[in-house]
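Read through the structure below, which is laid out as structure tokens, and then see the notes.
The values are calculated or read from the model by the stated rules, or taken from the named source; none is laboratory data. Keep in mind it's a predicted model, so treat the numbers as computed, not measured. Here the Cβ positions follow ideal geometry from the backbone for every residue, glycine too, while neighbour counts run over all protein chains shown. To get the accessible areas, we keep the full protein, side chains included, count just its heavy atoms, and leave off ligands, DNA and RNA. Shrake-Rupley method; radii C 1.70, N 1.55, O 1.52, S 1.80 Å.
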Amino acid sequence: MKPKVIIYKKVEPSVLEYVQEACEVVYFEQLHADNMQAFYEELKEAKGLLGTGLKVNDELLEKAPNLQIVSNVGVGYDNLDVPALTRHGVMATNTPNVLNETVADTMIGLMLATARRIPELDHMIKSGNWTSHITPEYYGVDMHHKTLGIIGMGRIGAAIAKRAHFGFGMNVLYHNRSRNEEVEKTYQATYCSLEELCQEADFICLMVPLSAETTKLIGEKEFRLMKKSAIFVNGSRGATVDEEALVSALQEGEILAAGLDVFVQEPVDPKHPLLSMPNVVTLPHIGSATWETRQAMVQFAAENFVQGILGYRPPALINPEVLEIEK
């Protein structure tokens with residue numbers, strides 16, 4: 001008899017068929033108020049969960065006594081209480097690497113769109129307000145040969161550094177929990193303190209995972225250290241930034257502009273003050289959202305999933321210590 005598992009995210013038929021070869025699949029294209037009770041009923045017998053965004057903590061795990069693995073579709077896993085999963089003997093997996101290049105593309109595009117005011121000027125034309133030659137009030141700023149500060153030099157940070165160094169001739173500074181000698185050698189990146197990075201960089205790109213240590217990592221102090229001409233870009237998680245401090249920094253001219261792919265509340269409140277600022281470029285958390293990359297992420301999540309269900313170590317196991325727990 002095949003083990004029962006739950007997929008709570010819309011997936012391509014090929015992925016569904018792949019999982020169904022090994023498992024009895026209960027499939028929810030998405031979770032909402034009308035099907036949550038049915039989801040909880042199925043959870044009682046489920047040995048696996050595959051999807052994204054669901055808060056998996058002690059409360060949910062108490063409802064899932066047979067659970068063996070939770071496969072997160074995404075590199076970030078702040079929705080997973082990893083210590084709780086480990087205590088319950090449940091493997092947790094994510095999908096690193098397959099999205100690095102795509103997210104790096106998005107961050108470079110967001111920096112460029114913010115610097116050159118592309119969405120703002122696009123709107124001006126489509127609104128019928130382009131009536132004469134462009135005057136200096138509509139000028140942007142160069143990105144090439146400026147200094148880029150990357151906070152969080154993981155795989156995605158390194159992919160951004162590669163594009164910045166070779167594509168735009170940028171000087172790269174970075175701040176990280178530990179030094180990355182490879183990016184220093186390959187992209188001539190310079191390791192520095194967070195304070196120095198904020199003071200020196202023309203563009204600042206935040207790419208850290210969300211944790212207790214990184215919550216509101218960038219706030220009033222950091223914005224005040226930045227150049228008045230600085231452009232701040234966040235591609236990590238919304239909660240890594242103090243949004244009130246960001247609003248204030250933009251309103252008071254402490255920084256020039258911001259590009260945001262993430263917000264504290266998602267979807268963001270349409271009345272949020274950041275959305276009314278012409279010098280803020282906003283995206284709906286689409287860093288990895290291309291057909292090719294999202295398909296690769298789901299396929300990787302499914303491979304993690306099936307390997308764990310069949311009793312093997314998944315390729316991207318977040319909590320390997322769970323394998324030492326006697327069941």
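Some points to look at:
- Candidate set from the stretch 183-205 (those that are touching a Lys or Arg at 6+ places or on another chain (Cβ under 9 Å) and among the charged types (D, E, K, R)); member that is farthest from residue 149 (Cα to Cα): 195
- Test: residue in the stretch 76-86 that is farther than 19 Å from residue 312 by Cα, touching a Leu at 6+ places or on another chain (Cβ under 9 Å) and among the charged types (D, E, K, R): yes
- One residue stands out in the stretch 5-17 among those that are touching a residue at least 60 places away in the same chain (Cβ under 8 Å) and crowded, with 18+ Cβ neighbours inside 10 Å: the one that is nearest to the chain's Cα centre (by Cα), namely 9.
- Which numbered condition residue 248 fails, given (1) within 28 Å of residue 73 (Cβ to Cβ); (2) open to solvent by less than 60 Å² (accessible area, probe 1.4 Å); (3) more than 13 Å from the chain's Cα centre (by Cα): (1)
- Qualifying positions in the stretch 107-116 - closer than 15 Å to residue 258 by Cβ and in contact (Cβ under 8 Å) with a residue 24 or more places away in the chain: 107, 110, 111, 112, 113, 114, 115, 116
- Checking residue 229 against (1) hydroxyl-bearing (Ser, Thr, Tyr); (2) under 20 Å from residue 115 (Cβ atoms); (3) within 19 Å of the chain's Cα centre (by Cα), the condition it does not meet: (3)
- Close pairs from the stretch 120-145: first more than 16 Å from residue 281 (Cα to Cα), partner in a loop (DSSP other than H, G, I, E, B), Cβ under 8 Å, at least 6 apart: 144/169; 144/170; 145/169; 145/170
- One residue stands out in the stretch 39-65 among those that are open to solvent by 70 Å² or more (accessible area, probe 1.4 Å) and part of a loop (DSSP other than H, G, I, E, B): the one that is farthest from residue 16 (Cα to Cα), namely 62.
- Here residue 22 fulfils each of the conditions (1) under 28 Å from the mean Cα position of the chain (by Cα); (2) surrounded by 17 or more Cβ atoms within 10 Å (Cβ to Cβ); (3) not acidic (Asp, Glu) apart from (1).
- Whichever residue in the stretch 77-87 is part of a loop (DSSP other than H, G, I, E, B) and surrounded by fewer than 19 Cβ atoms within 10 Å (Cβ to Cβ) and, among such residues, is farthest from the chain's Cα centre (by Cα): 79
- Selection within the stretch 269-317 - of a type in the set (Val, Ile, Thr) and farther than 11 Å from residue 69 by Cα: 280, 281, 282, 286, 290, 293, 298
- Screening the candidates 307, 299 for the property of being without any contact (Cβ under 8 Å) to a residue 24 or more places away in the chain, within 30 Å of residue 47 (Cβ to Cβ) and open to solvent by 10 Å² or more (accessible area, probe 1.4 Å) yields one hit, 307.
- Subset of the stretch 310-322 (residues that are outside any loop (DSSP other than H, G, I, E, B), open to solvent by 40 Å² or more (accessible area, probe 1.4 Å) and in contact (Cβ under 8 Å) with a residue 24 or more places away in the chain): 321
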